[in-house]
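Undergrad: My structure is below; once you've seen it, I'll send some questions.
Read the figures in this text as sums done on the coordinates, not as results from a lab. What you see is a predicted model; the values in this text were computed from it and never measured. Note that each Cβ is placed from the backbone with ideal geometry, even for glycine, and that neighbours are counted across all protein chains shown.
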């Protein structure tokens, strides 16, 4: 039922010729079912990063068409730029985004690599998770020697391409294709033009660190181990690659980083560490730059991090978290950062139908009241649940900011953050419930003129009904997660807002009971253990909801009387 989504981020060795960049973009757009989210050219680096998202087959077709046009329009024999490169399409990673495993993503990378090598006569190397050997996992190692040195390197037995010819394509060079986790290309800006200082900071923070030298730290002899390998002093940030360079168009130096695992080193962690190292060297960070697109979590995590530093409650809206992150990281320092154009989830939402949750209240109510069967009780249950969580969040923020309660800031702030997360989950389920209903209707509309069509139709109906039962269960589960927060608010929260928390409990109970009714209808056509498990889980949640609501309202009534 769920669409698989992957992201493709091809890097093309052209950042100055708009006609070439536009031609590559048009090649991507010619493939139906994909979204070109971002085109990010750099004049000094002479490189453009594209961000493409969609279902796997369509994405790898769009990537192939783009690589084909790049091979026709970009001549590596005349290319120069600050960024390391080995081909017209230098690197083309695939990244799993939704409902797809890394192993499946690797298979699509191999399929794309084989086609490019065979049809375009370009040597192809597989890297990261798609690499055939450990030696080829690292892009920097594959790219050593760059385009100018690859004519000799490709002739070595150990550097035989994974696909395509074993002779360098003089016009297009060679290309690296692979599968990897989400990588953030992130640059931190310095108030200096010194590449030397920028490089020194890069060596301080990058995981690889710097080589140890005997005597003088710059000119001294490199220290080696028993195997003759250079001994290194590791940097302070794991899963980070970094170099320092000077960007003429900005008139300042940058630390250019690849954060290869943002679960290990987050953007705000890298920013803070570079800031500390810069200060120690007598320079200052003026801001930073995200290249391409990022998941929303990158910025909301940063917003939470900086709110904590400011001793403020975390129970603020997603929009405010993102604004705080943009301001603190200085993402508008050298160019405008528009979150609607740079955050993947926002771009995908902008390309789809207007979500119900983005409608005005009166429009949503009018649509619900119309003769259309959706949105119906399931979507309303999810929305009422989101309002219950929102009321709990309000009480937590009023309590966190209450004069004289400063020592309880962290306690209430954490509950506010949890409430925001529950609210956002339930808001997303408002639309998901309507989508599930529409999927059931679509499955009943499938043809049944022969046995094969009838079998397919029955299978799709069963899948749709199961999905339509799982969505209200998700509403029940998300709503039930609000009980501990509401208990805390009526027991320890701002006494002036105890009735607000009580209304929140009433909303949560309504959401759970409404979703339960929806689930019972949707499981009626299901059979077997899966149906029994859904109903059993739902009954536990609703029985707990009845008890939790009564206990919370008892406390509320005691306090107001």
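Undergrad: Counting other beta carbons within 10 Å of each Cβ, put 127, 163 in order, fewest first.
TA: Working: 127 25, 163 19.
Placing the least packed residue first, the sequence is 163, 127.
Undergrad: Any chance you could run the full-extension gain for residue 521 through residue 340? It's 0.36 nm times the residue separation minus the Cα-Cα distance, nm to one decimal. Intermediate results must be reported in sequence, preceding the final value.
TA: Values: separation 181, 0.36 × 181 = 65.16 nm, distance 3.83 nm.
Once the chain is fully extended between residue 521 and residue 340, it gains 61.3 nm.
Undergrad: Hey, with R₀ at 51 Å, roughly what FRET efficiency would residue 349 and residue 213 work out to, going by the Cβ-Cβ distance, to 0.05? Mind showing how you got there, number by number?
TA: On the way: r = 52 Å, r/R0 = 1.02.
FRET efficiency, residue 349 to residue 213: 0.45.
Undergrad: Under Stokes-Einstein, with the Kirkwood radius over Cα pairs standing in for Rh, what whole-number D in µm²/s applies to segment 97-182 at 25 °C and 0.890 mPa s? Show your work: numbers first, answer last.
TA: Working: Rh = 13.1 Å.
Estimated via Stokes-Einstein, D reaches 187 µm²/s.
Undergrad: Counting alpha carbon pairs within less than 8 Å and at least 6 residues apart, what relative contact order, in whole percent, applies to segment 5-179?
TA: Values: 396 pairs, mean separation 45.4, N = 175.
For segment 5-179, the relative contact order is 26 percent.
Undergrad: What's the whole-number percent of alpha carbon pairs in segment 184-347 lying beyond 27 angstrom? Numbers along the way, then the final one.
TA: On the way: 3912 of 13366 pairs.
The calculated P(r) of segment 184-347 puts 29 percent of pairs beyond 27 Å.
Undergrad: For the chain, what does -39500 (n - 2.57) per DSSP helix run (n ≥ 4), summed and divided by total residues, give at 222 nm, in deg cm²/dmol to the nearest 500? Can you show the working numbers first?
TA: On the way: 18 runs with 291 residues, N = 561.
Mean residue ellipticity, 222 nm, calculated: -17000 deg cm²/dmol.
Undergrad: If you average the C-alpha positions of segment 485-512 and of segment 1-69 separately, how far apart do those two centres end up, in angstrom?
TA: Here the two parts' Cα centres lie 49 Å apart.
Undergrad: For an R0 of 45 angstrom, estimate the FRET efficiency from the Cβ-Cβ distance between residue 309 and residue 102 and round to the nearest 0.05.
TA: The computed FRET efficiency comes out at 0.85.
Undergrad: Between segment 310-330 and segment 373-431, what's the alpha-carbon centroid distance in Å?
TA: About 17 Å separates the Cα centre of segment 310-330 from the one of segment 373-431.
Undergrad: So what does the Cα-only Debye profile of segment 341-423 read at q = 0.20 Å⁻¹, as log10 I(q)/I(0), no solvent term?
TA: Debye output, listed in q order: -0.95.
Undergrad: For a test of the definition: using alpha carbon positions, the gyration tensor, and the 1.5 limit on a/c, classify segment 111-151 as rounded, prolate or oblate.
TA: Values: a/c = 3.11, a/b = 1.14, b/c = 2.72.
It is oblate, given that a/c is not under 1.5 and a/b is not larger than b/c.
Undergrad: Turning to a different aspect of this structure: With contacts defined as alpha carbon pairs under 8 Å and 6 or more residues apart, what's the relative contact order of segment 117-200 in percent? Working shown, then result.
TA: Values: 101 pairs, mean separation 32.7, N = 84.
With pairs under 8 Å counted, the relative contact order is 39 percent.
Undergrad: Continuing with the same structure: How high is the relative contact order of the chain, in percent, with contacts defined as C-alpha pairs under 8 Å that are six or more residues apart? Kindly include the intermediate steps, with their values, before the conclusion.
TA: On the way: 1073 pairs, mean separation 55.5, N = 561.
For the chain, the relative contact order is 10 percent.
Undergrad: How long, wide and thick is segment 5-179, going by the Cα atoms along their three principal axes, in whole angstroms, largest first?
TA: 40, 36, 26
Undergrad: Would you mind checking the tilt of helix 451-480 against the longest principal axis of the Cα atoms of the chain, expressed as 0 to 90 degrees and rounded to 10?
TA: Roughly 80 degrees, rounded to the nearest 10.
Undergrad: Next question, about the same structure. Report Rg/Rh for segment 253-389, rounded to two decimals, where Rg is the Cα radius of gyration and Rh the Kirkwood radius.
TA: Details: Rg = 19.5 Å, Rh = 17.7 Å.
Result: Rg/Rh = 1.10.
Undergrad: How long are the semi-axes of the equivalent ellipsoid of segment 408-470, defined as square roots of 5 times the Cα gyration tensor eigenvalues? Whole Å, largest first. Before the final figure, lay out the partial values.
TA: Numbers: eigenvalues 358, 17, 5 Å².
Semi-axes, largest first: 42, 9, 5 Å.
Undergrad: When the scattering of segment 67-123 is computed by the Debye formula from its Cα atoms alone, each counted once and equally, what is log10 I(q)/I(0) at q = 0.13, 0.18, 0.25 Å⁻¹?
TA: -0.44, -0.74, -1.03
Undergrad: Rg (Å, one decimal) plus Dmax (Å, integer) for the alpha carbons of segment 1-97?
TA: So, for segment 1-97, Rg and Dmax equal 13.1, 48 Å respectively.
Undergrad: Find the Rg to Rh ratio for the chain, where Rh is the Kirkwood radius over alpha-carbon pairs and Rg uses the same atoms.
TA: Values: Rg = 27.6 Å, Rh = 26.8 Å.
Ratio of gyration radius to Kirkwood radius for the chain: 1.03.
Undergrad: On a 0 to 90° scale, report how tilted helix 483-492 is relative to the longest principal axis of the chain, with both axes built from alpha carbons and the result rounded to the nearest 10.
TA: 70
Undergrad: Whole percent per 5 Å bin, from 0 to the bin with the longest distance: what is P(r) over all C-alpha pairs of segment 447-501?
TA: 4, 16, 12, 11, 9, 8, 8, 7, 6, 5, 5, 4, 3, 0
Undergrad: Now for a separate question. Working from Cα positions, state the angle (0 to 90°, nearest 10) between the long axis of helix 318-329 and the longest principal axis of the chain.
TA: Between helix and principal axis, roughly 30 degrees.
Undergrad: With no solvent and one equal point scatterer placed on each C-alpha of segment 498-540, evaluate the Debye formula and give log10 I(q)/I(0) for q = 0.28, 0.34 Å⁻¹, two decimals.
TA: The computed values of log10 I(q)/I(0) come out as -0.93, -1.11.
Undergrad: Return the equivalent ellipsoid semi-axes of segment 211-255 as a descending list in whole Å, where each equals the square root of 5 times an eigenvalue of the C-alpha gyration tensor. Before the final figure, lay out the partial values.
TA: Working: eigenvalues 163, 45, 13 Å².
So the equivalent ellipsoid measures 29, 15, 8 Å along its semi-axes.
Undergrad: Once the Cα gyration tensor of segment 413-561 is found, what semi-axes does its equivalent ellipsoid get, as square roots of 5 times the eigenvalues, in whole Å, sorted largest first?
TA: On the way: eigenvalues 302, 43, 21 Å².
Largest first, segment 413-561 gives 39, 15, 10 Å.
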